1. In sequence order, what are the phi-derived ³J(HN,Hα) couplings for region 81-94 according to the Karplus relation 6.51 cos²θ - 1.76 cosθ + 1.60 with θ = phi - 60°, rounded to whole Hz, with x for glycine and proline?
2. How much length is gained if the chain between Asn27 and Thr53 is pulled fully straight, taking 0.36 nm per residue apart and subtracting their Cα-Cα distance, in nm to one decimal?
Amino acid sequence: MQISGERREEPSSSRNEAVYEAIERTNEQVLSLRTDIAMIAEIVALHARYHLTITPPMPPSKQDEAFVLGLERFKAFAEQVDRRVRFGLPLLPETIGRSGNSSRSGSEMGGGASRPFHERQLKKNPTVWPS
């Protein structure tokens, strides 16, 4: 574009560059979300398979008591999810960080390594849902 014999630089190249950078950032965010969603889907699937394959059938006489306990645990679970989401405290990185510290002994991690920590805690206090 020329005005009065002077040549002015086109603002479109800097605008195009800014748009390209914004698209690149968005693309990176989408790829990150895809990875997070795939990981979450796998966690849910593994969790469901775990509970469906190891949870023994319960006699009808104990189902009412188990239902009440299940509701209490679910309420605690839902409250923890709400709190973690509201305050931006995702459990997954924290858990991966803990599991990556293999130098800790079994006693430092809460006891015997044959069962997951949350199972040991639930055995001690069945109304507590692991955080």
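Read-outs throughout are calculated quantities, based only on the coordinates presented, and are distinct from any laboratory measurement. Just so it is clear, the structure is predicted and the values come from calculations on it, not from any experiment.
1. 4, 4, 5, 5, 5, 4, 9, x, 10, x, 7, 4, x, 5
2. Working: separation 26, 0.36 × 26 = 9.36 nm, distance 3.88 nm.
Between Asn27 and Thr53, full extension yields 5.5 nm more.
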